[in-house]
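Inspection log for the structure reproduced underneath, given as structure tokens.
The values are calculated or read from the model by the stated rules, or taken from the named source; none is laboratory data. Keep in mind the model is a prediction, meaning the values are calculated, not measured. Glycine also receives a Cβ, built like all others from the backbone with ideal geometry; neighbour counts cover every protein chain displayed. What goes into the accessible areas is simple: the full protein's heavy atoms, side chains included, and nothing from ligands, DNA or RNA. Shrake-Rupley method; radii C 1.70, N 1.55, O 1.52, S 1.80 Å.
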Amino acid sequence: MTNPSLLILAGDGIGPEVMAEVRKVIGWFGDRRALRFDVGEDLIGGASYDAHGTPLTDAVIAKAQSADAVLLGAVGGPQYDTLDFSLKPERGLLRIRKDMDLFANLRPAQCFDALADFSSLKRDVISGLDIMIVRELTSGSYFGEPRGIFREGNERVGINTQRYTESEIARVARAAFGLARQRKGKVCSMEKANVMESGVLWREVVSEIHAAEYADVALSHMYADNGAMQLVRAPRQFDVILTDNLFGDLLSDCAAMLTGSLGMLPSASLGAPMENGRPKALYEPVHGSAPDIAGQGRANPSACILSFAMALRYSFGQGAEADRLEAAVGAVLAQGIRTADLLSAPDATPVSTAGMGDAVIAALEAGL
Ligand code: IPM
Ligand code: MG
């Protein structure tokens, strides 16, 4: 039997540094748990632009399409800010999501107890927080046509289109309901049905799928602006939040900050099942490329390591091994080991990116 394949796209900024730590973790699972992967590596974002003049080549897309899972670091940097829109690093990310048809973006917002005091909210509001945002990722205003900047008389007009088909809503709704069944059994769907027709349709289709296929799950609806307010007011009322591409972008940043530690949050972007039954999948940390600290060994590799844990769970059916890795990261935090982003006291000494990776490996060893 051949090993499952992983394509690593480390990208820009701190991407390569945090990915080096993930490689250690992948190596550990091969050596100690006999879970071996064929790991390939290629370029995306600014790194790809520098080498090939485009943020993502067709050859890399083809590799991503045939890999069992893709692990992505981060893209972007100030040196690319003046590039034409179509050449910016972010276009590489949007293209790979679209070309692989990764319509369901899972963004957990979990509060690690050892870090609860980092939140800007009070500990008793966020302690034990465990939310899963399911963001539609391949449609809506990010991709709708018409789009562009046009001339209209003697001025310019910028246009983007919010557009959702019934089937696009239905498939991401099924993903959210399916996840809720494995969690606390609650879905809250967020749109602006009070203002937008696409929101009216969203609410109708979500309700239809619910009634026909997932009546055992508790479904509620909220306008997305109220949802943002509720997220900050009483976040623990939520289990799974289902929302569209643009609202999901905003709401997931808001939810991420509730936990106080952006450097801890992973994500998964899933598509339809492939022939081998695994979903098309890309895993990436929620944080960006952090060019201000790139190359200094200060980045927190935890979000990227936890993204690999999500890969173990959702692509490779290794839920127990994912639990093992998540527990190891939790154990490291409980020991008080911190990268610079998780320290408030000025006299405390942070561990480096590599030090954090090594601590996770040590915790994995200790857990055997
Ligand atoms: C995200 C990011 C991206 C998005 C950017 C980098 C294109 O903000 O993954 O949330 O807007 O989707
Ligand atoms: Mg975002």
*Residues Glu275, Glu365: which one is among the acidic types (Asp, Glu) and closer than 29 Å to Gly140 by Cα?*
Glu275
*Given (1) within 16 Å of ligand 2 (Cβ to nearest atom); (2) touching an Asp or Glu at 6+ places or on another chain (Cβ under 9 Å), number of the condition Leu246 does not satisfy*: (2)
*asked:* Taking the criterion of being without any contact (Cβ under 8 Å) to a residue 12 or more places away in the chain and farther than 29 Å from Phe37 by Cβ, would at least one residue in the range 276-286 satisfy it?
replied: no
*asked:* Restricting to the range 254-272, and then to whatever is at pLDDT below 95 and farther than 25 Å from Ala328 by Cα, can you tell me which residue is nearest to ligand 1 (Cβ to nearest atom)?
replied: Cys254
*asked:* Could you check the range 212-248 and list, in sequence order, the residues that are outside any helix (DSSP H, G or I) and small (Gly, Ala, Ser)?
replied: Ala215, Ala218, Ser220, Ala234
*asked:* Pairs needed: first member in the range 318-339, at positive phi; second member anywhere, among the hydrophobic types (A, V, I, L, M, F, W, C); C-beta distance under 7 Å; at least 6 residues apart or different chains.
replied: none
_Which count do you get for residues in the range 273-293 that are of a type in the set (Gly, Ala, Ser) and more than 16 Å from ligand 1 (Cβ to nearest atom)?_
1
*Could you figure out which of (1) within 15 Å of ligand 2 (Cβ to nearest atom); (2) over 20 Å from Gln182 (Cα atoms); (3) not polar (S, T, N, Q) isn't true of Pro266?*
(2)
*Within the set of pairs 6 or more residues apart or between chains, which connect a residue that is over 20 Å from Val217 (Cβ atoms) inside the range 156-179 to a residue that is part of a strand (DSSP E or B) and of a type in the set (Phe, Trp, Tyr) with Cβ atoms less than 6 Å apart?*
Val157/Phe150
_Any residue in the range 249-271 that is assigned to a loop (DSSP other than H, G, I, E, B) sitting within a Cβ distance under 6 Å of a residue that is near ligand 1 (Cβ under 10 Å from one of its atoms)? List the pairs, counting only those 6 or more apart or interchain._
Leu265/Ala256; Leu265/Val286
_Hits in the range 313-342 (condition: open to solvent by 50 Å² or more (accessible area, probe 1.4 Å) and outside any helix (DSSP H, G or I))_ = Gly317, Gln318, Gln335
